[in-house]
Amino acid sequence: MGKGKLFILSGPSGVGKGTVLDSLFKNFSSVKYSVSATTRQPRQGEVEGEDYFFVTKNDFFNMRDNNEFIETARVHNNYYGTPRAYVDNCLQNGEDIILEIDIQGAKQVRDCYPDAIYIFLVPPSFEELENRLERRGSENKESKKLRLENARQEMKEIINYDYIVVNDNLDRAVEKIKDIIISEQKQKRG
Ligand code: 5GP
């Protein structure tokens, strides 16, 4: 484990993790973002290497076999993984980094990076989560159903997280996450 701090952000699909992080990074640069690899198809507007590294299943399994991920998970019938090299380089260089990963991945990270800080983003209600998935319009009926079912399971993991942030208002949620990061960074230096 190097000198940098590792932050983990989880939360059910549709809760707004991506939007919150986009907004956070607009005026906050003291933490890096780890781009995951996925076998899922790109959504409209998603950029290779910025949102994800979009890979084939074959490539994904090869990378996994070569130990190139610090964690992997099958989420909603697609595979996701956090590339090891970038995370470890950042941490060794004393740079802090945030991963946006699901609860299965977070569990795996806990074993190897026990000092990581775990943040869980929750929707104000399940109705709101359903509305957001509907508004996002990126999922078909089946996928939306699966994501909502998974969300109920994911919420049970909340107790294993250090911080819970309710995404009832984007700016407020971003500020809260920023405060958490800054306060953890101060502790590191202090
Ligand atoms: P989406 O397909 O909506 O971008 O992401 C679906 C889920 O996969 C989200 O809960 C997201 O946090 C999770 N996810 C994204 N990247 C990774 C990763 O590298 N590892 C794991 N375990 N989950 C990820």
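Residue 179 fulfils the conditions (1) farther than 14 Å from residue 13 by Cα; (2) under 17 Å from the mean Cα position of the chain (by Cα); (3) part of a helix (DSSP H, G or I) except for a single criterion, (2). Within segment 49-67, residues that are within 14 Å of residue 83 (Cβ to Cβ) sit with their Cβ atoms under 6 Å from residues that are surrounded by 10 or more Cβ atoms within 10 Å (Cβ to Cβ) and of a type outside the set (A, V, I, L, M), at 6+ positions apart or across chains, in these pairs: 52/36; 52/38; 54/42; 54/48; 60/39; 60/79; 64/72. In segment 47-62, of all residues being in a helix (DSSP H, G or I) and surrounded by fewer than 19 Cβ atoms within 10 Å (Cβ to Cβ), the one that is farthest from the ligand (Cβ to nearest atom) corresponds to 58. Within segment 64-75, being surrounded by fewer than 16 Cβ atoms within 10 Å (Cβ to Cβ) and under 15 Å from the mean Cα position of the chain (by Cα) holds for one residue alone: 74. Inspect all residues belonging to segment 101-109 and state whether any of them is acidic (Asp, Glu), away from the ligand (no atom under 12 Å from the Cβ) and in a loop (DSSP other than H, G, I, E, B). No, every residue in segment 101-109 fails to be acidic (Asp, Glu), away from the ligand (no atom under 12 Å from the Cβ) and in a loop (DSSP other than H, G, I, E, B).
The residue that is farthest from residue 140 (Cα to Cα), counting only those in segment 92-102 that are within 17 Å of the chain's Cα centre (by Cα) and not acidic (Asp, Glu), is 97.
Bear in mind that the values in this text are calculations on the coordinates, not laboratory data. The structure displayed is predicted, hence computed values, not measured ones. Heads up, the Cβs are rebuilt from the backbone with ideal geometry, glycines too, and the neighbour counts pull from every protein chain shown.
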